[in-house]
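I have placed the structure first, in the form of structure tokens, so that the comments after it can refer back to it.
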Amino acid sequence: MSETSRDLLIRPARPADAALVLEFVRELAEYERLGHLVTATEQTLRDSLFGSTPGAEVLLAFERDAPIGFAVFFHNFSTFLGRRGLWLEDLYVKPQFRRQGYGRALLLEVARIAGERNSGRFEWAALDWNTPAIEFYKSLGAVPLHDWTIFRVTGESLEKLASLH
């Protein structure tokens, strides 16, 4: 980590952080060229992340008091291993704070949590065009899975699929 990293604070998000989480979601979506797909609101994030059955957890990163990034993760399950895993949904650091060790620190904190929780694996996806992220992940020992294709159903297609019996 760089010298500025000693000023890094990583902490779990709280309900009062919903606006900040949404800000990071929007910034990440713009970076990924997917801003048009963001429909989350502060309230949906508050309900989904801090309600009675949270769907994910969020870590926030700060340099001194300045919010600089976040990581969103949740548990999945491996039937092959018979154990829970951890899926990293989002990892984002504001552009002006990149290449200072903050993204690495966030990723390592999620990995630490995965280990602490006895997770069988720790996984995430990267957009094919995002070469800086792919190289960063490889430098940490992550291995791309070329034999798998991610499928997704959303919106109207999900409603139609859900109505089939």
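Observations, loosely collected:
- In region 94-104 there is at least one residue that is under 14 Å from Phe24 (Cβ atoms), of a type in the set (D, E, K, R), in contact with a helix residue (DSSP H, G or I) (Cβ under 8 Å, 6 or more places away or on another chain) and in contact (Cβ under 8 Å) with a residue 12 or more places away in the chain.
- Among the residues listed as Leu127, Leu164, the single one being of a type outside the set (Val, Ile, Thr) and under 16 Å from the mean Cα position of the chain (by Cα): Leu127
- Any hit, region 24-41, residues being among the aliphatic types (A, V, I, L, M) and in contact (Cβ under 8 Å) with a residue 40 or more places away in the chain: yes
- From Gly55, Gly101, Gly69, residue being under 11 Å from the mean Cα position of the chain (by Cα) and either over 15 Å from Pro12 (Cβ atoms) or among the small types (Gly, Ala, Ser) (or both): Gly69
- Qualifying residue in region 139-161 (condition: charged (D, E, K, R), part of a helix (DSSP H, G or I) and under 18 Å from the mean Cα position of the chain (by Cα)): no
- Some residue of region 6-26 being β-branched (Val, Ile, Thr) and under 19 Å from Arg112 (Cα atoms): yes
- Residues (charged (D, E, K, R) and not in a loop (DSSP other than H, G, I, E, B)) located in region 120-138: Glu123, Glu135, Lys138
Laboratory data are not the source of any read-out in this text; all were calculated from the coordinates shown. Quantities reported herein were computed from a predicted structural model and do not represent experimental measurements. Cβ coordinates were reconstructed from backbone atoms using ideal geometry, including for glycine residues, and neighbour counts include every protein chain displayed.
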